[in-house]
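Step one of this worksheet: look at the structure below.
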Amino acid sequence: MDIHEYQAKEILRDFGVGIPQGALAYSPEQATYRAREMGGDRWVVKAQVHAGGRGKAGGVKLCGSDTEIQEVTEAMFGQKLVTHQTGPEGKGIYRVYVEAAVPIAREIYLGFVLDRASQRVMIVASREGGMEIEDISAQRPDSIVRATVEPAVGLQEFQCREIAFALGIKPALVQQMVRTLLGCYRAFRDLDATMVEVNPLVVTSDDRILALDAKMTFDTNALFRHPQISELRDKSQEDPRESRAADRGLSYVGLDGNIGCIVNGAGLAMATMDTIKLAGGEPANFLDIGGGATPERVAKAFRLVMSDKNVQAILVNIFAGINRCDWVAEGVVRALRDEPVDVPVVVRLAGTNVKEGQQILAQSGLPLIRATTLMEAAERTVMAWRADTHRNPKLKAV
Ligand code: GDP
Ligand code: MN
């Protein structure tokens, strides 16, 4: 799960990391008011969206007066910011962060990641702040400093000093740098983050080390341990289809094709999508109903998939171990009785209570297409979809 820059900064501040003075605003009026309240004569207005690359995309603006803040924020609010990280649809701007501008002497890159190879938290730093880490590693790989943290003892001060020296931090500021590194590390560890990135971390001309930008990503599977982090979730920044599914305890992944897939388990989802492609189709999404899904849950899943306008055929593919085919069948029948659909529905069931499941489908009287193997199911789905698009010219093939 991602959070906003201002939220990451508040967290890091509580762990002892220096941040510039700033305030959040939900409207242009509030933004100017916040700036006035803060004082000073130069501010940076920053669009709060869950994506980097805002600076280049016009989401970070330096302002020198109230009227300028008003103008800049009027142009930002309600717009979609498209950066190289958002995809072409962009992300909506509903909050801006107003910061007192600081005099930058140097910019440093600082990242904390989970390094799978060493199975350790790894610190990645570079003198080339402000640039994206991908560009730094392509253009200035020699500038990158790395350190791994021994989990039994945690990040040590001597390691922080080594990093500070490698980055050329002047001696008088080394202790501030140590505090910054330890703060980021503790935030990462204590809050089950998977990534902390401060780009740039700056040294100001009046010798302060400040996080000018901050990005944190959290391990979704550990959120139950951090209710205060879960609360920071901002649905306006997520694919609405995916957040609606998450609210219902289902996991949904939106794609670009037109065959909706209801499956159980991520592995089966991958196999189902591969097979659909092999049969000449393109998946519109996949929805994982998980294990032990009740008929109600399956019916909900069905409605969610149907709410995707791109869906022109549905494939239900269940390999039931913990699940029960009869419950899945009942859910499908229930959903279709409640809200009949005008697209072909193919159901392939295997595993626990498959006979009972098939019986429910057969006795339902609904025009369901049944299949035994996955290949057969995918082929029938694509065939039925093609026939349907042929009959109904409104449905266009992609
Ligand atoms: P990103 O483009 O989404 O990564 O947004 P950043 O928060 O990193 O801002 C982009 C750039 O704006 C930074 O690399 C800085 O060069 C500049 N910037 C941000 N805040 C300030 C500030 O307070 N003062 C000055 N002079 N520049 C700033
Ligand atoms: Mn940045």
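Taking Cα atoms only, the orientation of helix 325-338 departs from the longest principal axis of the chain by about 90 degrees.
Converting phi to 3J(HN,Hα) with the Karplus coefficients 6.51, -1.76 and 1.60 and the offset θ = phi - 60°, region 85-101 yields 9, 8, x, x, 6, x, 10, x, 9, 10, 9, 10, 10, 9, 10, 5, 5 Hz in sequence order, with x at every glycine or proline.
Report, in debye and to the nearest 20, how large the dipole of the chain comes out about its Cα centre when Lys and Arg carry +1 and Asp and Glu carry -1 on their Cβ.
Working: 47 positive and 51 negative charges, 137 e Å.
It works out to roughly 660 debye.
Taking amide H atoms as placed 1.01 Å from N in the peptide plane, the amide H of M195 lies under 5 Å from those of T217, each 5 or more residues away in sequence or on another chain.
Go through region 291-354 and name the chymotrypsin sites (Phe, Trp or Tyr not before Pro) that are in a DSSP coil and have 15 or fewer other Cβ atoms within 10 Å of their Cβ.
Working: sites: F302, F319, W327; in loops: none.
Counting only loop positions with at most 15 other Cβ atoms within 10 Å, none of the chymotrypsin sites (Phe, Trp or Tyr not before Pro) in region 291-354 qualifies.
Which Cα, out of I104, I123, S143, lies furthest along the positive dipole direction of region 93-143 (beta carbon charges, K/R +1, D/E -1)? Checked the options; the winner is I123. List the longest stretch of the chain that has no exposed loop site; here a site is one of the trypsin sites (Lys or Arg not before Pro) assigned by DSSP to anything other than H, G, I, E or B, with at most 11 other Cβ within 10 Å. Result, exposed sites excluded: 117-308. For region 107-122, putting each phi into the Karplus relation 6.51 cos²θ - 1.76 cosθ + 1.60 with θ = phi - 60° gives couplings of 10, 10, 9, 9, x, 10, 9, 8, 8, 5, 5, 8, 6, 9, 6, 10 Hz, in residue order, rounded to whole numbers and with x for Gly and Pro.
Close amide H pairs (under 5 Å, H built 1.01 Å from N) link I19 with A211, residues at least 5 positions away or on another chain. Within the chain, DSSP assigns beta bridges of which about 70% are antiparallel (rounded to the nearest 5). Overall dimensions of region 1-110, expressed as equivalent-ellipsoid semi-axes from the Cα gyration tensor (√(5λ), whole Å, largest first), are 20, 19, 13.
Rolling a 1.4 Å probe over the protein heavy atoms gives the chain an accessible area of 47 Å² per residue.
Each principal axis of the Cα cloud of region 274-398 was taken in turn, and the coordinate range along them, longest first, works out to 38, 30, 25 Å. Listed by chain and number, the lysines whose C-alpha is less than 24 Å from the C-alpha of K61, apart from same-chain residues fewer than 8 away, are K9, K46, K80, K91, K215. In the chain, the DSSP-assigned H stretches of four residues or longer account for a calculated mean residue ellipticity at 222 nm of -11000 deg cm²/dmol, using -39500 (n - 2.57) per stretch and the full residue count as denominator.
Rounded to the nearest 10 degrees, the angle from helix 295-306 to the longest Cα principal axis of the chain is 70 degrees.
With a 1.4 Å probe and every protein chain kept in, tell me what percent of the accessible surface of the chain is carbon plus sulfur. Can you show the working numbers first?
Numbers: 9490 of 18710 Å².
The value for the chain is 51 percent carbon and sulfur by accessible area.
In region 95-129, which residues have a backbone nitrogen under 18 Å from the label point lying 7 Å from D66's Cα in the Cα-to-Cβ direction? Under cut-off, by backbone N: 98-100. Across the chain, counting alpha-carbon atoms alone, Rg and Dmax equal 25.9, 80 Å. For region 241-270 versus region 100-126, the inter-centroid distance based on Cα atoms is 34 Å. Relative to the longest principal axis of the Cα atoms of the chain, the long axis of helix 66-76 lies at roughly 20 degrees. Taken over region 104-229, the percentage of Cα pairs per 5 Å bin, counting from 0 up to the bin with the maximum distance, is 2, 11, 21, 24, 21, 13, 6, 2, 0.
In a simple Cβ point-charge model (Lys, Arg +1; Asp, Glu -1; nothing else charged), region 240-389 has a dipole of about 180 debye relative to its Cα centre.
The values are calculated or read from the model by the stated rules, or taken from the named source; none is laboratory data. All values derive from a computational prediction rather than experimental measurement. Here the Cβ is made from the backbone with ideal geometry for all residues, glycine too, and neighbour counts use every protein chain on show. We work out accessible area using only protein heavy atoms, side chains counted, and drop any ligands, DNA or RNA first. Shrake-Rupley method; radii C 1.70, N 1.55, O 1.52, S 1.80 Å.
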